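The structure under discussion appears below in the form of structure tokens.
What follows draws every value from the coordinates through simple rules; no lab data is involved. Just so it is clear, the model here is predicted, and its values are computed rather than measured. In this analysis, Cβ positions are derived from the backbone assuming ideal geometry, glycine residues included, and neighbour counts consider all displayed protein chains.
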Amino acid sequence: MMETTIVSVDEPQTAGRTTLAELAQANTGANAGLGREAVFDLQELGVTYGGVPAVSDVTMAIRGNLVTALIGPSGCGKTTILRCLNRMNDLIPSARVQGRILYHEQDLNSASVDAVELRRRIGMVFQKPNPFPKSIYDNIAFALRVHGMKDDLDGRVERALRQAALWEEVKGRLKKSALGLSGGQQQRLCIARALAVEPDVILMDEPASALDPISTARIEDLMHDLKRDYTIVIVTHNMQQAARIADMTAFFTVEAAGDDNDHRQGTLVEYDATSKIFTRPSDRRTEDYVTGRFG
């Protein structure tokens, strides 16, 4: 069995060490995704920007009530694929999507699908916390009002903040500016804002990359709790984080586009239970990446 050892930069080399394999095995079983409904079915998915391929030929099923991590080096298409899942790439004029994405067996890119309603069902949390310059209360209530969910605003705001494990910290200052919260609290507020409109899926693009270790741990604990009710897809560069929180992991890499060595595009190398990705990967490129020999 391959042992991938990660030593914290804050610890002396003589300190106890934790392997990625141990983290992954503690977090997920070998058959984590089997038997669960496919929330998304990606079929030969590819994206170009201005006619230039960014990522191609991605085929995978993302299953319900699991945390699925997308990992790989910069430029391999992880965020591009994440943005496809709620049609955020529609907002980029030069972007073109090929292939199919089925969401609960419906073609997500069909002209009959309302993109605004789709983004309510499939919420997104970005890398940098982006609270509105409004009160804590109005950050949550604004999304509810936009989507016509105006009944019992107080109850809905409290419920969302409780789900995001933030209520006890802010209940006495709901009318104060959200910009006065710490970075970790702002990120949990953004998660609460997404949860308030009762989504089915939460997409997270490196949600803890700008946070301190304590705030990161809170976000990770929150994801563990939320997957009971939601499907979560996360992009992360942090191998330990993927091993700790993900049930399924997809590894992407960057390769030459056909015979053109001057242009490189992202491709999906391997998708499997996290424990297998970090202990018995099927592809040497995956092993090289998770062991630190590449990337």
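Each residue of the stretch 191-208 in turn: what ³J(HN,Hα) in whole Hz from Karplus with 6.51, -1.76, 1.60 and θ = phi - 60°, glycine and Pro shown as x?
5, 4, 4, 5, 6, 4, 8, 6, x, 9, 10, 10, 9, 10, 9, 6, x, 10
Give me, ordered by chain and number, the residues 5 or more places off residue 269 or on other chains with an amide H under 5 Å from its own placed amide H.
So residue 269 has HN proximity to 251, 252, 253.
Could you work out how far the C-alpha centroid of the stretch 103-143 sits from that of the stretch 218-287, in angstrom?
For the stretch 103-143 versus the stretch 218-287, the Cα centre distance is 23 Å.
Which one, 114, 152, 247, has the greatest fluctuation when you compute a Gaussian network model over the chain with C-alpha springs under 10 angstrom?
So, out of 114, 152, 247, the one fluctuating most is 152.
Given H placed 1.01 Å from N in the peptide plane, which residues other than close sequence neighbours of residue 63 have an amide H under 5 Å from its amide H?
Placed amide hydrogens put 39 under 5 Å from residue 63.
Could you work out how much longer the chain between residue 132 and residue 37 gets when fully extended? Use 0.36 nm per residue separation minus the Cα distance between them, nm to one decimal.
30.7 nm
Stick to Cα atoms and the Kirkwood definition of Rh, then tell me Rg/Rh for the stretch 110-170.
1.01
Using each residue's phi in the stretch 215-232, evaluate 6.51 cos²θ - 1.76 cosθ + 1.60 at θ = phi - 60° and report the 3J(HN,Hα) Karplus result to the nearest Hz, with x for Gly and Pro.
Working through the residues one at a time gives 5, 4, 4, 5, 5, 5, 4, 4, 4, 4, 6, 5, 5, 5, 10, 9, 8, 10 Hz.
Each residue of the stretch 85-92 in order: what ³J(HN,Hα) in whole Hz does its phi give by Karplus 6.51 cos²θ - 1.76 cosθ + 1.60, θ = phi - 60°, with x for Gly and Pro?
6, 10, 6, 5, 5, 4, 7, 9
Using DSSP to call loops (not H, G, I, E or B), can you name the trypsin sites (Lys or Arg not before Pro) in the stretch 158-221 whose Cβ has at most 12 other Cβ atoms within 10 angstrom?
171, 175
Mind checking which lysines have their C-alpha under 22 Å from residue 175, skipping anything on the same chain fewer than 8 residues away?
134, 150
When we measure straight from the Cα of residue 78, which lysines land under 22 angstrom away, once same-chain ones fewer than 8 places off are left out?
Excluding near neighbours in sequence, the set is 128, 227, 276.
Who wins for biggest fluctuation among 64, 72, 172 in a Gaussian network model of the chain, springs between alpha carbons below 10 Å?
Looking only at 64, 72, 172, the biggest GNM fluctuation is shown by 172.
Taking every pair of alpha-carbon atoms in the stretch 204-284, give the share separated by more than 22 Å as a whole percent.
Summing the P(r) of the stretch 204-284 above 22 Å gives 37 percent of all pairs.
Just the Cα atoms of the chain: what Rg and Dmax do they give in Å?
19.5, 61
Got the relative contact order for the chain handy, in percent, Cα pairs under 8 Å and 6 or more residues apart?
After rounding, I find 28 percent.
Name the chymotrypsin sites (Phe, Trp or Tyr not before Pro) in the stretch 199-295 that are in a loop by DSSP and that have at most 16 other C-beta atoms within 10 Å, would you?
294
Just to be sure I understand: with springs between alpha-carbon atoms less than 10 Å apart, which residue in 93, 133, 207 has the highest mean-square fluctuation in the Gaussian network model of the chain?
Between 93, 133, 207, it is 93 that shows the largest mean-square fluctuation.
Counting other Cβ atoms within 10 Å, which GluC sites (Glu not before Pro) in the stretch 40-125 have at most 10 and lie in a DSSP loop?
In loop regions of the stretch 40-125 (DSSP not H, G, I, E or B), the sparsely surrounded GluC sites (Glu not before Pro) are 105.
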